[in-house]
1. Percent of Cα-Cα pairs more than 23 Å apart in the chain, please.
2. When the expected Rg is taken as 2.2 N^0.38 Å, what fraction or multiple of it is the alpha-carbon Rg of segment 193-313?
3. Quick one: of the DSSP bridges fully inside the chain, what percent are antiparallel, nearest 5?
4. Which whole number in µm²/s is D for segment 137-206 by Stokes-Einstein, with the Kirkwood Rh taken over Cα pairs at 20 °C and 1.002 mPa s?
5. Can you send over the solvent-accessible area of residue 107, 1.4 Å probe, protein chains only, in Å² to the nearest 10?
6. Please work out the average accessible area per residue across the chain, using the 1.4 Å probe convention, and give it in Å².
7. In segment 102-164, what is the volume of the convex hull around the alpha carbon atoms, normalised per residue and reported in Å³?
8. Using the membrane-span-like helix rule (whole DSSP H runs, Cα extent along the own axis of at least 15 Å, mean Kyte-Doolittle hydropathy at least 0.5), which helices of the chain qualify?
Amino acid sequence: MITEGEHGVGFLNFGKKKSAQEFDPDLDDLTVEEADFLRRLFAEMWPASEGTITLHGEYAQSSSGRQFGLYNLSRAVKLEPRPNWPEVVERHISGLLSRDSAPQEGDLSDDEVLSLVKARLIPTSYLPESHRETFTYRRTIADGLEAILMLDFPETTSAIPDAIVSRFEADSLWQTAIAAVSAEPLDQFAILDAGSGRILGAMTDSLFTASHVLDVPALLARADIASAPHGVLFAVPSRHQLLFHAVESPSALSVVNEMAQLAQMGFTKGVGEISPEVYFWSGAGYERVTSTDASGSVTVDGTGAFFSAINSF
């Protein structure tokens, strides 16, 4: 379903960044004071039946030696007013403990892995340097974008390590993972009033909303677009948002600038940020079209497949 332009503002109103303050060095979406409060809250709400919990900068460690990262939790609470934080923390801890009672990744059968696997679009900076060697199968999509395989449990998700991926034929596993994302609900598109051309937007609570661009033909079919012979411009400001435009004329050059503005707004206001840039897809693959500097100034690359498509008109 496609709905008209009044959804443009709401589409981008997905959380707000903090104003410039002293940010915590480990949980850098929160101020130092907020991060300290979150750690204390986590410790206070940790069930006594699960043993003691020791707090460190970016993780908490239980008396059994298990470590629980706090980064995703910090991203979740920043969207909520302070009075709601206990509820968010309680829900997060419940998910962690529920995951502990579920089968461990290495214990899953091949059929179980295939039933849970999904492909997720991530920024190149998503994984800390210390984790990259565990997920070497990652695929580069375009400059600044990668894809990784996730196990999508009911209460949580986790990236699949090389040890599990190596049990499968790689291309077949990726096909299954991308098909699972394409099958996720994506029932409503907003038309964002760009002036130069129709930009469609989608926003859901799913961690895999932006990942729909890993199968652009399926995404187009969802929007009742039969084909895009001249390619598709898209932006993925956060994991919950995507923007796209089927190139139909030279006016797509203006759409790039308009989409870049929308992408920057979504990137700076959202949770799970991916990129403020505009990208292009065609049958030949993906490429980045824009580059944004520290001041927010946008440069459009005039050398790639996108400009070849523009010059074909």
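1. Details: 29526 of 48828 pairs.
Percentage above 23 Å: 60.
2. After normalising by residue count via 2.2 N^0.38 Å, the value is 0.98.
3. 95 percent
4. On the way: Rh = 14.9 Å.
D = 144 µm²/s.
5. It works out to around 120 Å².
6. 47 Å²
7. Hull volume over Cα atoms, normalised by residue count, gives 92 Å³.
8. Helices passing the filter in the chain: 170-182.
The values are calculated or read from the model by the stated rules, or taken from the named source; none is laboratory data. As the structure is a prediction and not an experimental result, all values here were calculated from the model. Cβ: placed from backbone, ideal geometry, glycine included. Neighbour counts: every protein chain shown. Heads up: the accessible areas ignore ligands, DNA and RNA and are worked out on the full protein's heavy atoms, side chains in. Shrake-Rupley method; radii C 1.70, N 1.55, O 1.52, S 1.80 Å.
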